[in-house]
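Beneath this line is the structure, given in structure tokens, with notes to follow.
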């Protein structure tokens, strides 16, 4: 994994960890449902950002190496898998 991306992913995951704890606290304190829903939407968006960084790393490292080593079948298979995963969002 690229060091710069690893650092960004780790930072975002720490933020997400705090958001999840905050959500749990909101539920325990019976906060207004709409406030909790807004927070869950923000958490989903943050997780999507982590996925984007992971995808960037995968494409710029693993897939590039697969193409260079003539393992195009595996590279294409993984790119299609990523595409299918992205459609499920």
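One table, with the values for the structure above:
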item: Subset of the stretch 7-21 (residues that are free of Cβ contacts under 8 Å to residues at least 24 places away in the same chain and touching a helix residue (DSSP H, G or I) at 6+ places or on another chain (Cβ under 8 Å)); result: 20
item: In the stretch 16-40, the residues that are within 30 Å of residue 57 (Cβ to Cβ) and surrounded by 13 or more Cβ atoms within 10 Å (Cβ to Cβ); result: 16, 19, 20, 22, 23, 39, 40
item: Any hit, the stretch 61-70, residues being modelled with pLDDT of 95 or more, touching a helix residue (DSSP H, G or I) at 6+ places or on another chain (Cβ under 9 Å) and in a helix (DSSP H, G or I); result: no
item: So residue 36, is it at pLDDT 95 or above, within 20 Å of residue 86 (Cβ to Cβ) and part of a helix (DSSP H, G or I); result: no
item: Single condition residue 58 does not satisfy, out of (1) outside any helix (DSSP H, G or I); (2) closer than 23 Å to residue 87 by Cα; result: (1)
item: Filter result (without any contact (Cβ under 8 Å) to a residue 24 or more places away in the chain and within 18 Å of the chain's Cα centre (by Cα)) within the stretch 22-46; result: 39, 40, 41, 42, 44, 45
item: Residue, surrounded by the fewest Cβ atoms within 10 Å (Cβ to Cβ), within the stretch 47-84, restricted to residues that are farther than 14 Å from residue 5 by Cα and in contact (Cβ under 8 Å) with a residue 24 or more places away in the chain; result: 48
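The values are calculated or read from the model by the stated rules, or taken from the named source; none is laboratory data. In this text, all values refer to a predicted model and were calculated from it rather than measured experimentally. Neighbour counts are summed over all protein chains in view; Cβ atoms, including those assigned to glycine, are modelled from backbone coordinates with ideal geometry.
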